[in-house]
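**Student:** Sharing a structure, written as structure tokens. Questions coming.
The values are calculated or read from the model by the stated rules, or taken from the named source; none is laboratory data. Just so you know, these numbers come straight off a predicted model, no measurement behind them. Cβ sites come from the backbone with ideal geometry, for glycine too, and all protein chains shown count toward neighbours.
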Amino acid sequence: MLYPSIPTVPLPPFPSLAAVLRLLRRETAGGGSLLLTKQAHARAIVFGLHHHPLISSRLVTAYSLFGLPALSRLAFCDSASRNVLLWNSLLAALSHNASPREVLATFHRMRVCSHEPPDGYTLALVAKASSEIGDARIGRGVHALVEILGFGSDTVLGNTLMAMYFKCLRPNDARQVFDEIPVRSVASWNALILEHVNAGGTEHWELVREMQSEGFELDGFTFSTLLPLCAEGYAATDDLGRQLHCYILRHNVGMGSKLHIGSSLIKMYCNGGRTAAGRSVFDHELQRNVFTWTAMIAGYVENGDFREAIRLCHSMHSVDGIMPNEVTLVTILPAVGSLARLDFGKQIHGFASRRCSNSQSSLNNALIDMYSKCGSLATARHVFDDESWHKDGISWSSMISCHGIHGEGNEALKLFEKMCSLGIKLNHVNILGVLSACSRAGLVKEGMQIYSSLVGSHGFIPSSEIFSCMVDMLGRAGKLEEALDFIDSMSFEPKPSVWSSLFRAAVTHCNRDVQHLASEFLIHSEPENPSHYVSLSNLHASCGRWDGVELVRKSMEVKGLRKAPGLSWIDVNGMAHSFYVADKSHLCTEMIYKAVDCLSQEMKVACNCPVLDNEQMKREARTIQSDHRVSLTRLPGQANRLT
DNA sequence: ATAGGGTTAG
């Protein structure tokens, strides 16, 4: 067995038990000095103190705080006398840094070797380990032992056993444990409520009332559980989220839980689209940590305010001295991609490779997506091909979509096959990814094949997004009749997105009948959406039916509908330039239009297209642009992005 | 003993 390297620190003249103990105080070890811990260990060995159970258990715990279970075990093994305290320290160290099975194995050794019976702390650690394994038989054994050893009325152990039965999917046993706890605590109720929330039922509010009627106050844990349920609150008349927020402020809830509550509140408001309310919580928080910041950044990202998200990410260090962590980076990367801010994306990549481990799939997945959205297919692929990290389902899905976005349908299909052969489970997202890749690349046959094999042989139930994608695939390829048949064959009412796909296709292929049909359905299913009226009006205009135009405009007026004109914008050297349709207001208009013409020509040559007249050319350019050069991402109430 | 922030499509 290897001893830790003994540092060459001069020993004080009269080393004593107390001096070693002082070095092994939790604060010293937890404060980050592995060197001091090793120094203490060395001294203990030199003076034979490492046999003392108090010293050895401190050593076990100290190494555990550094995440070094092998050294914890070493300190344990070296001790000549082992009491419950020492065994418990080892079990706790393994519980934090090793597998639950190792905890149980060590517990069995303790039962055989130790002359002292386990205490409540031992049993709590073992119950926790058995809940992580999720095996109810093992759990029942622990429960029996708790009763036999006389801890049956212990509140903390009761709570642990209850959580254990929930994790082992034995809710009835869990409930029985709860009912039999003689003196319940807030934690007992919190655990019960959490499980009901996770199970997706509605009884949790009833439980909260019951808890209050028994005289318990809701605490920070209760609110962390309840707040996520209130995101949609403001739409309802009673706005539960705000009510809970007021309760928290009035009762000053959250001794020691202020940070948890803060980030939960921010998330709750932002999930309901109320970023301003979330920001107000954020600004008034007396203490913020990386969770608080990440919650606020995520709120902006989710609601499409990418610039504010990036601004916050930049200022977290200067304002609060807090560094972004991996989760923060994973949160901000989609915003970077949506704004096509390759420069910032590269900075994040550099920052991550310096400060984070390279093993996190989620971070690498987000990087692939960011590079892909910024137009950097090669870099995205480079990250993907790096073999030092483990690829999960999302990694494959991201890479497949990335090739799809860049028009490389065949490469997307190749990856999809490989993904399936690796046994990665298919879901709505990764199927939609490969189908939309087929759609963009015009691989109709291949896309149909995947669709029918999944729906036909594998009993997959397609989502409405997948239906729209299939209509889009057929429509782009000009197969409008087949697209209509496909819509007919759908087993449920087509969502507006299905009709939108059909409408776009009909515009591209100049089929006025289908345009008309789709636009009627769109107006019928979303009568409050102004875009549909404008589309119909434009259709009438293109046929010279000015009375139709008039009619549509009137009905918009009656309904009080106005459509905000669409914008496109492009970032040039950090400056955003935006354009309306046929906009001529830019200072460099002439130059810009010349450049666009050149690009269109180049694209046509690249696509081997015949030279067309001016009208045809414009139409063609629009189609090609929407497929390749220009990817349009709609931001709510904002502009489109040009990449 | 019970809790807080995140990645793929559209």
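**Student:** Is it the case that A:ASN365 is within 18 Å of the chain's Cα centre (by Cα), within 11 Å of DNA strand B (Cβ to nearest atom) and farther than 24 Å from A:VAL471 by Cβ?
**Tutor:** Against the criterion (within 18 Å of the chain's Cα centre (by Cα), within 11 Å of DNA strand B (Cβ to nearest atom) and farther than 24 Å from A:VAL471 by Cβ), A:ASN365 qualifies.
**Student:** Related question: Could you list all residues from segment A:473-483 that are among the aliphatic types (A, V, I, L, M) and more than 14 Å from DNA strand B (Cβ to nearest atom)?
**Tutor:** Narrowing segment A:473-483 to residues among the aliphatic types (A, V, I, L, M): A:473-474, A:477, A:480, A:483.
The answer is A:LEU474, A:ALA477, A:LEU480, A:ALA483.
Okay, residues lined up against (1) among the hydrophobic types (A, V, I, L, M, F, W, C); (2) over 23 Å from A:GLY566 (Cβ atoms); (3) within 16 Å of DNA strand B (Cβ to nearest atom):
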site: A:GLY459; (1), (2), (3): no, yes, no
site: A:SER464; (1), (2), (3): no, yes, yes
site: A:VAL471; (1), (2), (3): yes, no, yes
site: A:SER525; (1), (2), (3): no, no, no
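**Student:** Then there's this: Looking at A:ILE400, is it within 7 Å of DNA strand B (Cβ to nearest atom), within 24 Å of A:SER468 (Cα to Cα) and of a type in the set (A, V, I, L, M, F, W, C)?
**Tutor:** Answer is no for this residue.
**Student:** May I ask you to list pairs of residues, at least six apart or on different chains, whose Cβ atoms are under 8 Å apart, with the first in segment A:152-173 being part of a loop (DSSP other than H, G, I, E, B) and the second being near DNA strand B (Cβ under 9 Å from one of its atoms)?
**Tutor:** A:CYS168/A:SER131
**Student:** A further question on this structure: Take the residues in segment A:209-241 that are away from DNA strand B (no atom under 13 Å from the Cβ) and buried (at least 18 other Cβ atoms within 10 Å of the Cβ); name whichever of them is modelled with the highest pLDDT.
**Tutor:** Filtering first and then ranking leaves A:GLY241.
**Student:** Would a scan of segment A:115-124 turn up a residue that is in contact with a helix residue (DSSP H, G or I) (Cβ under 8 Å, 6 or more places away or on another chain), within 24 Å of A:LEU74 (Cβ to Cβ) and within 12 Å of DNA strand B (Cβ to nearest atom)?
**Tutor:** Looking for residues that are in contact with a helix residue (DSSP H, G or I) (Cβ under 8 Å, 6 or more places away or on another chain), within 24 Å of A:LEU74 (Cβ to Cβ) and within 12 Å of DNA strand B (Cβ to nearest atom), one finds at least one in segment A:115-124, hence yes.
**Student:** Which of the numbered conditions does A:ALA340 fail, given that it passes all the others? Conditions: (1) at pLDDT below 95; (2) within 27 Å of A:SER224 (Cα to Cα); (3) away from DNA strand B (no atom under 12 Å from the Cβ).
**Tutor:** (2)
**Student:** Criterion first (under 30 Å from A:VAL383 (Cβ atoms), polar (S, T, N, Q) and either within 15 Å of DNA strand B (Cβ to nearest atom) or in contact (Cβ under 8 Å) with a residue 60 or more places away in the chain (or both)) does A:ASN410 satisfy it?
**Tutor:** Here the answer is no, as A:ASN410 does not meet what is asked.
**Student:** Which ones in segment A:123-168 are of a type in the set (S, T, N, Q) and buried (at least 23 other Cβ atoms within 10 Å of the Cβ)?
**Tutor:** A:SER130, A:SER131, A:ASN159, A:THR160
**Student:** Oh, and also: Give me a count of the residues in segment A:280-298 that are over 11 Å from A:GLY262 (Cβ atoms), under 21 Å from the mean Cα position of the chain (by Cα) and of a type in the set (Ser, Thr, Tyr).
**Tutor:** Counting residues in segment A:280-298 that are over 11 Å from A:GLY262 (Cβ atoms), under 21 Å from the mean Cα position of the chain (by Cα) and of a type in the set (Ser, Thr, Tyr) gives 1.
**Student:** In addition: Need pairs with beta-carbon distance below 7 Å; first residue outside the structural domain of A:PHE486 (by TED's automatic domain parsing) and within segment A:505-519, second crowded, with 17+ Cβ neighbours inside 10 Å and in a helix (DSSP H, G or I); sequence gap 6+ or separate chains.
**Tutor:** Qualifying pairs under 7 Å: none.
**Student:** Sort out which residues of segment A:488-501 are in a helix (DSSP H, G or I), out of contact with any Asp or Glu (no Cβ under 6 Å at 6 or more places or on another chain) and within 16 Å of DNA strand B (Cβ to nearest atom), and write them in order of number.
**Tutor:** Of everything in segment A:488-501, those that are in a helix (DSSP H, G or I), out of contact with any Asp or Glu (no Cβ under 6 Å at 6 or more places or on another chain) and within 16 Å of DNA strand B (Cβ to nearest atom) turn out to be A:SER497, A:VAL498, A:TRP499, A:SER500.
**Student:** So, one more: Looking at (1) closer than 17 Å to A:VAL197 by Cβ; (2) at pLDDT 90 or above, which one does A:SER257 not meet, given that it meets all the others?
**Tutor:** Tallying (1) closer than 17 Å to A:VAL197 by Cβ; (2) at pLDDT 90 or above, A:SER257 fails exactly one: (1).
**Student:** Moving on to the next point. Got a sec? Which of A:ASN365, A:ASN410 is buried (at least 24 other Cβ atoms within 10 Å of the Cβ) and of a type in the set (S, T, N, Q)?
**Tutor:** After applying the criteria, what remains is A:ASN365.
**Student:** Those residues that are among the β-branched types (Val, Ile, Thr), within 7 Å of DNA strand B (Cβ to nearest atom) and buried (at least 17 other Cβ atoms within 10 Å of the Cβ), I need them from segment A:427-452; list them, please.
**Tutor:** None - no residue of segment A:427-452 is among the β-branched types (Val, Ile, Thr), within 7 Å of DNA strand B (Cβ to nearest atom) and buried (at least 17 other Cβ atoms within 10 Å of the Cβ), so the list stays empty.
**Student:** Looking at the structure I just gave you, is A:ASN97 surrounded by 15 or more Cβ atoms within 10 Å (Cβ to Cβ) and more than 13 Å from DNA strand B (Cβ to nearest atom)?
**Tutor:** Here the answer is yes, as A:ASN97 does meet what is asked.
Table: residues versus (1) surrounded by fewer than 14 Cβ atoms within 10 Å (Cβ to Cβ); (2) more than 8 Å from DNA strand B (Cβ to nearest atom); (3) in a loop (DSSP other than H, G, I, E, B).
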| position | (1), (2), (3) |
| --- | --- |
| A:LEU244 | no, yes, no |
| A:MET255 | yes, yes, yes |
| A:TYR269 | no, yes, no |
| A:ARG288 | no, yes, yes |
| A:TYR300 | no, yes, no |
| A:ARG311 | yes, yes, no |
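**Student:** Continuing with this model, one more query. What about A:LEU91, is it within 11 Å of DNA strand B (Cβ to nearest atom), under 27 Å from A:ALA199 (Cα atoms) and free of Cβ contacts under 8 Å to residues at least 60 places away in the same chain?
**Tutor:** Considered against the rule, which asks whether it is within 11 Å of DNA strand B (Cβ to nearest atom), under 27 Å from A:ALA199 (Cα atoms) and free of Cβ contacts under 8 Å to residues at least 60 places away in the same chain, A:LEU91 comes out as no.
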